[in-house]
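S.K.: Let me begin by handing over the structure; questions about it come next.
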Amino acid sequence: MPKKTDISINQLRDYSSLFSRNVVSSWMKNDFQSIDLKIERYDRKWLNSSRATYLDYVKYVYKILESRYQNEYVFKNSFLNEWLIKEIGHNYSQVFSEFRVGDAIADLVMFNGTSKAFEIKTEMDSPKRLDFQLENYRKAFNEIYLILPKSKVNLYQQYDKEIGIIVFIQDADEKFQIHRKSMANKVVDKDTIMKILHTHEYKALVKEHYGSLPPMTSFKQFEVCRELIFEIPNAQLNSYFINFMKARQRGNTLSKRSYREFNQMSLAMKLSPRERKNLISQLKSPIQN
């Protein structure tokens, strides 16, 4: 790996552009122009190897970013690999990336016996929108955590003291550590829950609670179901909500051991096992001179 002083911040930013949805989608179509450009621009020595693959190069770039440029993708992927994936392994859990809640989008959310929202703030982020984001997350989630570099704790711990904080420590054996536990929020906002649920989900919820669906047209179904859902006690609605979210997403393709660089991308793009396997297979193509 190059020395830290050998790579400029602009080069690191440029490297990080490889981990975007559009770029990864192109790899799945056997289009590696994005990688070829990086090699041509910064790493021409890779062209001298007849055995190097695009996968080798992407893993090399990720390793550099992981140690020197903790942008949101790398930070989120590290949190998935070092923390969330352990919880998924022990519980019947579902994890979503970029989950809309009211007018905000949570970076990561997890549903198991409870609901948790995780908001990531890297060294490059500001707390500008945090109050607005937390206000929305409180309406649907039982626990909320901020994920921060340790150097940012003093800046953020002044915010709502009911919010938990998990700190990132680059050189520690356990890179993510609890700084403050989240206090449990038992009250969810019924309007927010209604807007998160898909049509077939809120209709199934009404049917599960009441035993059947009332007569209604497609034009009126939202309002009819909304009125019925508003009559459900809050704790019971929270439980229904968690169960429906756990059932929403097909099994994730996160891996504890193999190709961990792609876990966040797999989650964000909702890749099936076959699609993830195809992505890795395409990347194993030799680098073209």
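The values are calculated or read from the model by the stated rules, or taken from the named source; none is laboratory data. None of the values given here were measured: they were computed from a predicted structure. Cβ: placed from backbone, ideal geometry, glycine included. Neighbour counts: every protein chain shown. Note: areas computed on protein heavy atoms with side chains; ligands, DNA, RNA excluded. Shrake-Rupley method; radii C 1.70, N 1.55, O 1.52, S 1.80 Å.
S.K.: Residues of the stretch 51-63 being in a helix (DSSP H, G or I) and surrounded by fewer than 18 Cβ atoms within 10 Å (Cβ to Cβ), which ones?
M.R.: Asp56, Lys59, Tyr60, Lys63
S.K.: Looking only at the stretch 129-142, decide whether some residue is touching a residue at least 60 places away in the same chain (Cβ under 8 Å) and either under 22 Å from Ala247 (Cβ atoms) or among the hydrophobic types (A, V, I, L, M, F, W, C) (or both).
M.R.: yes
S.K.: Moving on to the next point. Given the options Leu155, Leu213, name the one that is under 24 Å from the mean Cα position of the chain (by Cα), surrounded by fewer than 16 Cβ atoms within 10 Å (Cβ to Cβ) and among the aliphatic types (A, V, I, L, M).
M.R.: Leu155
S.K.: Let me ask something else. Residue by residue through the stretch 1-50, note down the ones that are of a type in the set (A, V, I, L, M) and either surrounded by 10 or more Cβ atoms within 10 Å (Cβ to Cβ) or in a loop (DSSP other than H, G, I, E, B) (or both).
M.R.: Of everything in the stretch 1-50, those that are of a type in the set (A, V, I, L, M) and either surrounded by 10 or more Cβ atoms within 10 Å (Cβ to Cβ) or in a loop (DSSP other than H, G, I, E, B) (or both) turn out to be Met1, Ile7, Leu12, Leu18, Val23, Val24, Met28, Ile35, Leu37, Ile39, Leu47.
S.K.: Out of the residues in the stretch 125-141 meeting the condition of being assigned to a helix (DSSP H, G or I) and open to solvent by 60 Å² or more (accessible area, probe 1.4 Å), tell me which one is farthest from Leu197 (Cα to Cα).
M.R.: Asp131
S.K.: Next question, about the same structure. Considering only residues of the stretch 69-103 that are surrounded by fewer than 16 Cβ atoms within 10 Å (Cβ to Cβ) and among the charged types (D, E, K, R), which is nearest to Lys121 (Cα to Cα)?
M.R.: Top of the filtered list is Glu98.
S.K.: Can you pull out every residue in the stretch 19-55 that is among the charged types (D, E, K, R) and within 22 Å of Ala268 (Cα to Cα)?
M.R.: Correct list: Arg21, Lys29, Asp31.
S.K.: Oh, and also: Being open to solvent by 30 Å² or more (accessible area, probe 1.4 Å), of a type in the set (S, T, N, Q) and part of a helix (DSSP H, G or I) is the filter here; which residues of the stretch 222-266 pass it?
M.R.: Asn234, Gln236, Ser239, Asn243
S.K.: Picking from Ile144, Ile193, which residue would you name as being open to solvent by less than 20 Å² (accessible area, probe 1.4 Å) and either touching a Gly at 6+ places or on another chain (Cβ under 6 Å) or part of a helix (DSSP H, G or I) (or both)?
M.R.: That would be Ile193, the only listed residue that is open to solvent by less than 20 Å² (accessible area, probe 1.4 Å) and either touching a Gly at 6+ places or on another chain (Cβ under 6 Å) or part of a helix (DSSP H, G or I) (or both).
S.K.: Need the failing condition index for Lys181 against (1) among the basic types (Lys, Arg); (2) open to solvent by less than 80 Å² (accessible area, probe 1.4 Å); (3) closer than 30 Å to Lys152 by Cα, just the number.
M.R.: Just one mismatch for Lys181, condition (2).
S.K.: Give Lys186, Lys207 a once-over and let me know the one that is at pLDDT 95 or above and open to solvent by 40 Å² or more (accessible area, probe 1.4 Å).
M.R.: Lys207
S.K.: So, of the residues in the stretch 267-282 that are part of a helix (DSSP H, G or I) and farther than 23 Å from Glu82 by Cβ, which turns out to be most open to solvent (accessible area, probe 1.4 Å)?
M.R.: Filtering the stretch 267-282 for residues that are part of a helix (DSSP H, G or I) and farther than 23 Å from Glu82 by Cβ, the one most open to solvent (accessible area, probe 1.4 Å) comes out as Arg274.
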